[in-house]
1. Please label the shape of the range 16-81 as rounded, prolate or oblate, based on the square roots a ≥ b ≥ c of the eigenvalues of the alpha-carbon gyration tensor (a/c under 1.5 means rounded; beyond that, a/b larger than b/c means prolate, else oblate).
2. Do you know the relative contact order of the range 2-119, to the nearest whole percent, from alpha carbon pairs under 8 angstrom that are 6+ apart?
3. With just the Cα atoms of the range 45-87, tell me how far they stretch along each of the three principal axes, in Å, largest first.
4. Work from the charge dipole of the range 2-119 (Cβ charges, +1 for Lys and Arg, -1 for Asp and Glu, about the Cα centre) and give the residue of 100, 31, 88 farthest towards its positive end.
5. Within a Cβ distance under 14 Å of residue 102, other residues only, what is the Lys/Arg minus Asp/Glu net charge?
6. Around residue 49, with a cut-off of 15 angstrom between Cβ atoms, what is the net charge of the other residues, counting Lys and Arg +1 and Asp and Glu -1?
7. Can you figure out the FRET efficiency of residue 18 with residue 122, using R₀ = 35 Å and their beta-carbon distance, to the nearest 0.05?
8. What full-extension length gain, to one decimal in nm, is calculated for residue 5 and residue 31 as 0.36 nm per residue of separation minus the Cα-Cα distance?
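Derivation of every value follows stated rules applied to the coordinates shown; laboratory data play no part. On a predicted model such as this, the values are computed, not experimentally measured, just so you know. Here the Cβ is made from the backbone with ideal geometry for all residues, glycine too, and neighbour counts use every protein chain on show.
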Amino acid sequence: MVGTAFAVLAASLLVVSTRDILTGRRPDESFWGIVYLAVTALVMFGLAFAKRRIATRIDSTPLEAEASMTFLDGILSTATMLGLLLNATLGWWWADPAAAFLVGLAAERHRAEAQLRNLHASRTEGHILHRRFHPIPSRPDQAASNL
């Protein structure tokens, strides 16, 4: 499910940012929007750090994935803030869609990493379950490895 969220986010950011660059769409300027995005980025990075620390402590793959998504939210907020800031201060209208494009690429990378983690976790859990449900070794020399 998290992989799907990353895929949808990546696709939408890549499509919209490409469209905006090709059409020359200019983002609106908003001082309060920039401040809001700065606060949002700080909160998201703090939450991502806390979630990752707890996920590691309790060995939770779903919480680890949630931490990655929250970290990506922080990156998205930061990139959007920087794009709007560069547009407002230097008139670089293309900075906002360029930042969104880069975040889209990062989202795709996180999606691929989450998919690999899930694949690895499912294989590991399957191996553990297999051993758990088949405790009797087929050969005497395997007895110690099943304990």
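1. On the way: a/c = 6.22, a/b = 2.04, b/c = 3.05.
Oblate, because a/c is 1.5 or more while a/b does not exceed b/c.
2. Values: 151 pairs, mean separation 48.3, N = 118.
Relative contact order for the range 2-119 comes out at 41 percent.
3. So the three principal-axis extents are 43, 14, 8 Å.
4. 100
5. Working: positive: 109; negative: 20, 96, 108.
Residues close to residue 102 contribute a combined charge of -2.
6. Details: positive: 51, 52, 53, 57; negative: 64, 66, 73.
Value of the local net charge: +1.
7. Calculated transfer efficiency: 0.55.
8. Working: separation 26, 0.36 × 26 = 9.36 nm, distance 2.97 nm.
Taking residue 5 through residue 31 to full extension adds about 6.4 nm, to one decimal.
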